[in-house]
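To keep things clear, I will list the structure first and then write my remarks on it.
The values are calculated or read from the model by the stated rules, or taken from the named source; none is laboratory data. A quick note: this is a predicted structure, and the numbers were derived from the prediction, not measured. Here the Cβ positions follow ideal geometry from the backbone for every residue, glycine too, while neighbour counts run over all protein chains shown. Only protein heavy atoms, including side chains, enter the accessible area calculation; ligands, DNA and RNA are left aside. Shrake-Rupley method; radii C 1.70, N 1.55, O 1.52, S 1.80 Å.
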Amino acid sequence: MNVKIEPSWKEVLSDEFEKPYFKSLVSFVKSEYQTKEIYPPAGQIFAAFNKTPFENVRVVILGQDPYHGARQAHGLSFSVIEGVRTPPSLANIYKELKSDIGTEISPSGDLSRWAEQGVLLLNATLTVESGKPGSHQQKGWEEFTDSVISLLNSKKEHLVFMLWGSYAQKKGQIIDSQRHLVLKAAHPSPFSADNGFFGSRPFSQANAYLIMHNMDPIEW
């Protein structure tokens, strides 16, 4: 498995990689990739970190699981590989983006352009078995990504955290809302988007906050 993580993240997470739970997680994930169809491709497990170095993070969008369909997941929450049909939750994110700040709906579901501007597209669980949503939950990934959030919370200032849905909001309870902007809304899934995601205007709020703290806005 050719799995690498960007140097600034490797440094801030160095203690985490030595913990027993993480070593057990690595053994589990290696075995899964050797015996089953697992997404994303192994080289993209840490894509969110590799595209958004620690020092560049300005916004965090928290997802739950990678997509479990073929050729969808590539290591960024809510994002899909170029050329793949835009999934329903992302389609609703694009609708809210257009309503909020007027950005035309992109034909591409690849959010790499956001990641490269400092938007950490972080899933709580970084791997999944094909066709089996949630199959890699409670194996250690959640503890790892809790540590990522904790480090961002304590070591950086004036980040924007977008917490969509009850799962993300529970995971984000450790975030200091005096130190960072925490934007909570319903999940963009078709089952819940009408219950408070549409009309939440996260993109304009994020950019206003970044500008207020002397940072460049995101070109959404």
Which value, in Å² and to the nearest 10, is the accessible area of Lys30 when all protein chains are kept and the probe is 1.4 Å? 100
Using a Förster radius of 30 Å, what is the FRET efficiency between Asn214 and Glu11 based on their Cβ-Cβ separation? Nearest 0.05, please. 0.75
At 222 nm, what value in deg cm²/dmol follows for the chain if DSSP H runs of at least 4 each add -39500 (n - 2.57) and the sum is divided by all its residues, to the nearest 500? -10500 deg cm²/dmol
Restricting things to alpha carbons, tell me how big segment 6-73 is in terms of Rg and Dmax, in Å. 13.6, 37
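Over segment 172-220, with every protein chain in place, what whole percent of the accessible area is carbon and sulfur at 1.4 Å, could you tell me?
Here it works out to 48 percent.
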Give me the net charge for the shell around Gly140: Cβ to Cβ below 14 angstrom, other residues only, Lys and Arg +1, Asp and Glu -1. -2
Mean shadow area of segment 110-220 over all directions, Cα convex hull, nm²: 7.9
FRET efficiency for Asn195 and Glu37 from the Cβ-Cβ distance with R0 = 35 Å, rounded to 0.05, comes out at 0.55
Once you've got the Cα coordinates, tell me which of Lys19/Lys132; Lys132/Lys156; Lys132/Lys170; Lys98/Lys132; Lys132/Lys171; Lys30/Lys95 are over 29 Å apart. Lys132/Lys156; Lys98/Lys132; Lys30/Lys95
Express in whole angstrom the spacing between the alpha-carbon centres of segment 28-71 and segment 88-151. 10
Which Cα, out of Ser177, Leu120, Phe203, lies furthest along the positive dipole direction of segment 93-216 (beta carbon charges, K/R +1, D/E -1)? Ser177
Report the FRET efficiency, 1/(1 + (r/R0)^6), for Ser24 and Glu104, where r is their Cβ-Cβ distance and R0 is 45 Å, rounded to 0.05. 0.50
Using a cut-off of under 18 Å, list every residue of segment 52-69 whose amide N is near the label point 7 Å from the Cα of Lys132 along the Cα-to-beta-carbon line. 65-69
Accessible area per residue, Å², the chain with all protein chains present, probe 1.4 Å: 47
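Please give the length that would be gained between Glu143 and Lys4 if that part of the chain were fully extended, namely 0.36 nm times their separation in residues minus their C-alpha to C-alpha distance (nm, one decimal).
Residue separation times 0.36 nm, minus the Cα-Cα distance, leaves 48.1 nm.
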